[in-house]
Amino acid sequence: MLIEYSGVVSSFKLGLRTAVRLACLFALVLEAQAAGFADYVGNWQFEFSGGDSGRGKAVVDERGAIRGDGFSNVSRSTVSVSGSITRDGEMQFSAAPSGVTSLQSTFVGQAKPSGIASGSWSNPSAQLSGKWTAKRGPDEPPGATPTPAQPR
């Protein structure tokens, strides 16, 4: 009986060690993922021109998600912005008035760790396209929601 008991304890210790190792590995992976987006995290202001023009604000979070809003001069409305950025700075996001997918534009481009980004945008259904630029900053307090962009 004593031998079986020590076998159970040994198995439990081995299982616990494995669990601790896996937890540490998981923590390192999460840290590496967050570090991969550190060059891009923060508040960004963007402007776009071409077939439509406007500007907006967006936040890139520690997972590379992009969320924000802007203003379209053609539709004269606020648009919601959502998308993502890769660790290499490749950005892809969409912008559309709430609930109007036919007016959705797709933005693609490249961000640099220095805090600037640029690219092109298109809206095939409206036959509109153009260029966009963005700049990171100024930072708002953690947890703050960016204020909606206003028309010029």
If you scan region 46-63, which residues turn out to be of a type in the set (Gly, Ala, Ser) and surrounded by fewer than 20 Cβ atoms within 10 Å (Cβ to Cβ)? SER49, GLY50, GLY51, SER53
Of all residues in region 69-113, which are of a type in the set (Val, Ile, Thr), surrounded by fewer than 15 Cβ atoms within 10 Å (Cβ to Cβ) and in contact (Cβ under 8 Å) with a residue 40 or more places away in the chain? VAL74
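Scan region 120-129 for residues that are in contact (Cβ under 8 Å) with a residue 24 or more places away in the chain and on the phi < 0 side of the Ramachandran plot and jot them down.
The answer is TRP121, ASN123, ALA126, LEU128, SER129.
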Do you know which residues across region 81-117 are farther than 19 Å from VAL41 by Cβ, modelled with pLDDT of 90 or more and not aliphatic (A, V, I, L, M)? SER94, GLN104, SER105, THR106
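The values are calculated or read from the model by the stated rules, or taken from the named source; none is laboratory data. This is a predicted model, so every value here is computed, not measured. Please note: Cβ atoms are built from the backbone with ideal geometry, for glycine as well, and neighbour counts cover all protein chains shown.
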